């Protein structure tokens, strides 16, 4: 239980550590990248504006051959031909810039790859040239930033490697913090478990003495007791029985917390064990004005499990079904094998009060009751389903709950303990 909690905390902590650091890395990366590109873009825009004004007056451009100067300067007429330029404007760039011009995309970043495989990354600006109120074309100002781009890509790879290292470091830190967080919880749980186990053991002896004293008192004084005294004696015996049941359940849970269930497995015949239980609960149901319907397989089933725990599992669900079923209603017990998955399956259905959908996730918690006000009326301690869940979990089985309010509930249990016999 604590290993699972520690693992969950480790995953949660490491996930958020890594997510936070990764977000910081990516924000820093894109902020710096944007700042660098924006700075160059402003330079290019300013130069394009100045060159457009100068070209309108002098028809002269300043610049040098592309890749050998800081900026490329060129003039594109409205039909897209180079009229005045410094150096040569690569044809692949010219076609791309013309498409940008048609799309009215006058500034941005371009990445092109020449037929030779050479990669080009530029920041460009297209500024219209107006003479005497007539637009003759556009000045193209572009700056080659391939080295800057490669540097940024190198930074990204470094940040990616740092992210991997950070992920490993976050797991280590998260594991340490999770272990520290679980320690006080584990300590308190161990103290609580020890207290429950010790208290349950200590209470067994006085309860046994008290129960024996009540039996002796009833045998000796039964003929001289008044009706009210007999009723009080019956109530006392019922309370002692409930207390003994509660102590047994607490000890079962303490054992599950300490060593787990599913101990002392052996092969045994299931139907032979179930038939007396069916007879007992059938009579008990009749006494309470209810009906128990059982559907058992025609042939014997053999299980590899602890028969005491399997019997306890069946008892818990049958007791619950009887407890919450009204008079003249029925309880249904079905047992069947799933030989393909080596599963022993059974379901217990009742026509009782039902379980609200929002309550179902809580019904296996210790001392949890769906209707708190009915605890004394129906008896029980709210530990039965917790014990059942511990047993099913120990066998790596499953419990499914179906039903609706005022209709009833069906519990279906599947345990991979079926022993296939030839």
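The values are calculated or read from the model by the stated rules, or taken from the named source; none is laboratory data. Just so we're clear, the structure is a prediction, and the values are computed from it rather than from any experiment. Every residue, glycine among them, receives a Cβ derived from its backbone with ideal geometry; neighbour counts consider all protein chains shown.
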Please count how many residues of the range 289-298 are modelled with pLDDT of 90 or more and outside any strand (DSSP E or B). 4
Within the range 362-386, the residues that are assigned to a helix (DSSP H, G or I), under 26 Å from residue 417 (Cβ atoms) and modelled with pLDDT under 80 are 384
Tell me, yes or no, whether the range 307-325 has at least one residue that is assigned to a strand (DSSP E or B) and either within 18 Å of residue 290 (Cα to Cα) or under 31 Å from the mean Cα position of the chain (by Cα) (or both). no
Tell me whether the range 343-350 contains one or more residues that are over 17 Å from residue 400 (Cβ atoms) and either in contact with a helix residue (DSSP H, G or I) (Cβ under 9 Å, 6 or more places away or on another chain) or at pLDDT below 90 (or both). no
Where residues in the range 31-51 are closer than 18 Å to residue 150 by Cβ and loosely packed, with under 12 Cβ neighbours inside 10 Å, which of them is nearest to the chain's Cα centre (by Cα)? 34
Qualifying residues in the range 289-307 (those that are out of contact with any strand residue (DSSP E or B) (no Cβ under 7 Å at 6 or more places or on another chain) and exposed (fewer than 13 other Cβ atoms within 10 Å of the Cβ)) - the one nearest to residue 339 (Cα to Cα): 299
Out of curiosity, is residue 331 surrounded by 15 or more Cβ atoms within 10 Å (Cβ to Cβ), closer than 15 Å to residue 346 by Cβ, assigned by TED's automatic domain parsing to the domain that holds residue 403 and within 34 Å of the chain's Cα centre (by Cα)? no
